[in-house]
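What follows draws every value from the coordinates through simple rules; no lab data is involved. A quick note: this is a predicted structure, and the numbers were derived from the prediction, not measured. Cβ atoms come from the backbone with ideal geometry, glycine included; neighbour counts cover every protein chain shown.
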Amino acid sequence: MLQKVIERSHLIKENKELKAQLQDAVSFTNIVYGSPKMEGSHGVGGTVASSQATILIRGESGTGKELIANAIHYASPRSEKPWVKVSCAAIPETLLESELFGHEKGAFTGPSRKDWAGLKKRTEGPSFSMKWRPHSGIQVKLLRILQDKEFQRLGSNVPLKADVRVITATHRI
């Protein structure tokens, strides 16, 4: 029993040390900027990190948008919460809605899980990062999350609350 307590204490200490190292590694001061516009993101990113605002990071591919998103999350009050990343471009549009918002049994043919909570299950209070590509039907539902902090699973009429902060990036200017 004492051995388990010692192991648990060691794991907790190691976890805290690793989180501190990660937070240092992804800070704004460790990002190498190649353009004056990106250098300006350092100050702005530090300012918005402390807010709960939804953030859209725009820029060409390969300019470091994801690095900025990471730095914002780890400098924010939500840094102790999970940092959930979703690449919308990598998920077929037909599955994206279920992945993000979840579904109820019978919502469509052949769901692999009985019920899937989607966002609600994975994002109780954290930052939620999305590499975005437009999906017209999903845009309305995302707007509802951004405005009202609620959503509905596929096949349900019951609104669910979502305590999330969205940080999204796009190469479209």
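Using a Förster distance of 25 angstrom, determine the FRET efficiency expected from the C-beta separation of L22 and S87, and round it to 0.05. Don't skip to the answer; put the middle values down first.
Working: r = 20 Å, r/R0 = 0.82.
Rounded to the nearest 0.05, the efficiency is 0.75.
At what distance in nm do the modelled label points of L56 and K4 sit from each other, each positioned 7 Å from its Cα along Cα→Cβ?
That separation, rounded to one decimal, is 5.2 nm.
Cross-link list K13/K65; K16/K141; K85/K149; K4/K105; K4/K149: which exceed 30 angstrom alpha carbon to alpha carbon?
Checking Cα-Cα distances, K13/K65; K16/K141; K4/K105; K4/K149 exceed 30 Å.
For a Förster distance of 45 Å, can you work out the FRET efficiency between the beta-carbons of Y33 and V158, rounded to the nearest 0.05?
Working from the Cβ atoms, E equals 0.50.
Packing-wise, with mean Cβ within 10 Å as the measure, how do 72-78, 24-30 rank, highest first? Working shown, then result.
On the way: 72-78: 21.1, 24-30: 13.6.
By packing density, highest mean first, the sequence is 72-78, 24-30.
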